[in-house]
């Protein structure tokens, strides 16, 4: 087992807010961090020891980067498989490129889950308009059409409630592999963030509830208010997926709680996740430190949650009328402000988040909302 000790350099492919919070955790434990992405002055680059700017398709740059670090991990899974293969020739890559290959394509991911017996929504591969028409009929006339690869925050998705809507959406999908998922009458959306170490040790952060707005995560409530049987099933599924994929690192399993009480897997994210941001403030070991521990071969830390918590995202829309009122939000003593260092605010762009801690999850959610509303006071 290859253990990477403090003082070593961790390489991170990707340079967004997930890498930023990972780097903060890593530097606190005495590691150096180098980030690689096509952009400069990035959220991760602002706090890392080194920021390398190059394309993920530049395999020579990838190889040179890999030679300078002691272990390589990801904060962004949509990296070409050729890049991970090139890096793996020189340095341990955790999680492995095989995990990314499966999870960065919805069809491969669903095929993998179904083959291994994990509960997923009915799905159909789509490569032609006729296949889409037939699949929609097979789904009872309602479904979600998604591009097979490189989608997140609702991008590359279209809801279909009848065959008549196909003409409007098909032009955007006719040249790319796609998948049609049956519409699921879910009660709520849940997720479980978990980590698996080199030794096979697995820890989870329990089940959280997620509420979305315009396909983007808006609110996470931790812990989720669900029956114990639902929580146990969600964590059983999550642990099984980490084992089946042989993950070394952090993985988030996004889930649907069906109206009949069953749990279905929606998507996988082989990295730290927006719904786990609350752990930075509310858990003994954050998801970011856990990722560090896992990829470095260290024992995993306790996931004990110290207080109920809620997280709300801060999107670029909040900047439409000028700089948000940070002083007003800071008046809430049990709310933590996290900003990602992004220079340009755009509608729908994640600029930061707030985490509220309280005596109950419901109270934490209310305080998080109140603090975000205070940001627009002038």
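The values are calculated or read from the model by the stated rules, or taken from the named source; none is laboratory data. Computed from a prediction, not measured in an experiment: that's the story for all the values here. As a convention, Cβ positions derive from the backbone with ideal geometry for all residues, glycine included, and neighbour counts pool all protein chains shown.
I need the full set of residues from the stretch 349-370 which are exposed (fewer than 15 other Cβ atoms within 10 Å of the Cβ) and either within 20 Å of residue 206 (Cα to Cα) or at pLDDT below 95 (or both), in order please. Of everything in the stretch 349-370, those that are exposed (fewer than 15 other Cβ atoms within 10 Å of the Cβ) and either within 20 Å of residue 206 (Cα to Cα) or at pLDDT below 95 (or both) turn out to be 359, 360, 362. Filtered by the rule that a residue be in contact with a strand residue (DSSP E or B) (Cβ under 6 Å, 6 or more places away or on another chain) and assigned to a helix (DSSP H, G or I), the stretch 349-378 gives 361, 364, 365, 367, 368, 371, 372. Screening residue 179 against (1) surrounded by 17 or more Cβ atoms within 10 Å (Cβ to Cβ); (2) within 18 Å of the chain's Cα centre (by Cα); (3) in a strand (DSSP E or B) leaves a single unmet condition, (2).
Residue-by-condition table, conditions (1) at pLDDT below 90; (2) exposed (fewer than 15 other Cβ atoms within 10 Å of the Cβ); (3) assigned to a loop (DSSP other than H, G, I, E, B):
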site	(1), (2), (3)
107	no, no, no
140	yes, yes, yes
151	yes, no, yes
158	yes, no, no
164	yes, yes, no
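If you check 90, 76 for being touching a residue at least 40 places away in the same chain (Cβ under 8 Å), part of a loop (DSSP other than H, G, I, E, B) and surrounded by fewer than 22 Cβ atoms within 10 Å (Cβ to Cβ), only one passes: 76.
Somewhere in the stretch 15-25, is a residue closer than 25 Å to residue 350 by Cα and assigned to a loop (DSSP other than H, G, I, E, B)?
To start, the set of residues in the stretch 15-25 that are closer than 25 Å to residue 350 by Cα comprises 15-25.
Subsequent filtering for residues that are assigned to a loop (DSSP other than H, G, I, E, B) retains 15-16.
Yes, that holds for at least one residue.
Take the conditions without any contact (Cβ under 8 Å) to a residue 24 or more places away in the chain and over 23 Å from the mean Cα position of the chain (by Cα) and apply them to residue 163. Does it pass?
Details: without any contact (Cβ under 8 Å) to a residue 24 or more places away in the chain: no; over 23 Å from the mean Cα position of the chain (by Cα): yes.
It is false that residue 163 is without any contact (Cβ under 8 Å) to a residue 24 or more places away in the chain and over 23 Å from the mean Cα position of the chain (by Cα).
Summed over the stretch 169-178, residues that are out of contact with any strand residue (DSSP E or B) (no Cβ under 7 Å at 6 or more places or on another chain) and within 15 Å of residue 136 (Cα to Cα) total 1. Of the residues making up the stretch 311-348, those that are surrounded by 18 or more Cβ atoms within 10 Å (Cβ to Cβ), touching a strand residue (DSSP E or B) at 6+ places or on another chain (Cβ under 7 Å) and part of a loop (DSSP other than H, G, I, E, B) are 340, 342. Only one of the listed residues (300, 268) is at pLDDT 95 or above, outside the structural domain of residue 76 (by TED's automatic domain parsing) and not in a strand (DSSP E or B). That residue is 300.
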